[in-house]
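Here is the structure we will look at, set down as structure tokens.
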Amino acid sequence: EGEDMISSDIIRGHLDAIILRLIYEKDRYGYEISKEIASRTEGRFQIKEATLYAVFQRLEKRGYIRSYEGDVSRGGRRRYYAITPKGKTELTESVREWSKVKEIIDIFMEGTL
């Protein structure tokens, strides 16, 4: 854990939105999502598999995503996740909410030190 690593506590409240965003881009499977998160953050944020699957379950229960079996690959069938219309609405709302939160935090944090 280098000093550039982001505490998962800080991001936890936004995980649903981050994962919805990745699934919004295209249908994805679990390992692909965790690789994508690590890659886009240049390794500064990594999601544990157990956390990821808990998010999938929560999003699916709320009707924001649906899962389906992909084609057989090495090691069996992959479970893919696709965003639903309800999920797209939720994502739009999350983006709107995040920009408000960011504005507030920036008021107190920007140019402080």
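Here are some notes:
- Candidates R78, R58 - the one that is basic (K, R) and under 20 Å from I10 (Cβ atoms): R58
- Any hit, the stretch 63-83, residues being loosely packed, with under 12 Cβ neighbours inside 10 Å, under 15 Å from the mean Cα position of the chain (by Cα) and charged (D, E, K, R): no
- Cβ-Cβ distances below 8 Å connect the following pairs, each with a first residue in the stretch 11-30 that is over 14 Å from A54 (Cβ atoms) and modelled with pLDDT of 95 or more, a second residue that is surrounded by fewer than 18 Cβ atoms within 10 Å (Cβ to Cβ) and of a type in the set (D, E), and a separation of six or more residues or different chains: L22/E36; R28/E36.
- Identity of the residue in the stretch 89-110, open to solvent by less than 100 Å² (accessible area, probe 1.4 Å) and of a type in the set (D, E, K, R), that ends up farthest from L20 (Cα to Cα): D106
- Residues in the stretch 18-30 that are of a type outside the set (D, E, K, R), open to solvent by 30 Å² or more (accessible area, probe 1.4 Å) and under 8 Å from the mean Cα position of the chain (by Cα): I18 alone.
- Scanning the stretch 40-58 for residues that are touching a strand residue (DSSP E or B) at 6+ places or on another chain (Cβ under 9 Å) and among the basic types (K, R) turns up nothing.
The values are calculated or read from the model by the stated rules, or taken from the named source; none is laboratory data. Keep in mind it's a predicted model, so treat the numbers as computed, not measured. Quick reminder, even Gly has a Cβ in these numbers, built from the backbone with ideal geometry, and neighbours come from all protein chains shown. When the accessible area is computed, the model is the full protein with side chains, heavy atoms only, and any ligands, DNA or RNA have been set aside. Shrake-Rupley method; radii C 1.70, N 1.55, O 1.52, S 1.80 Å.
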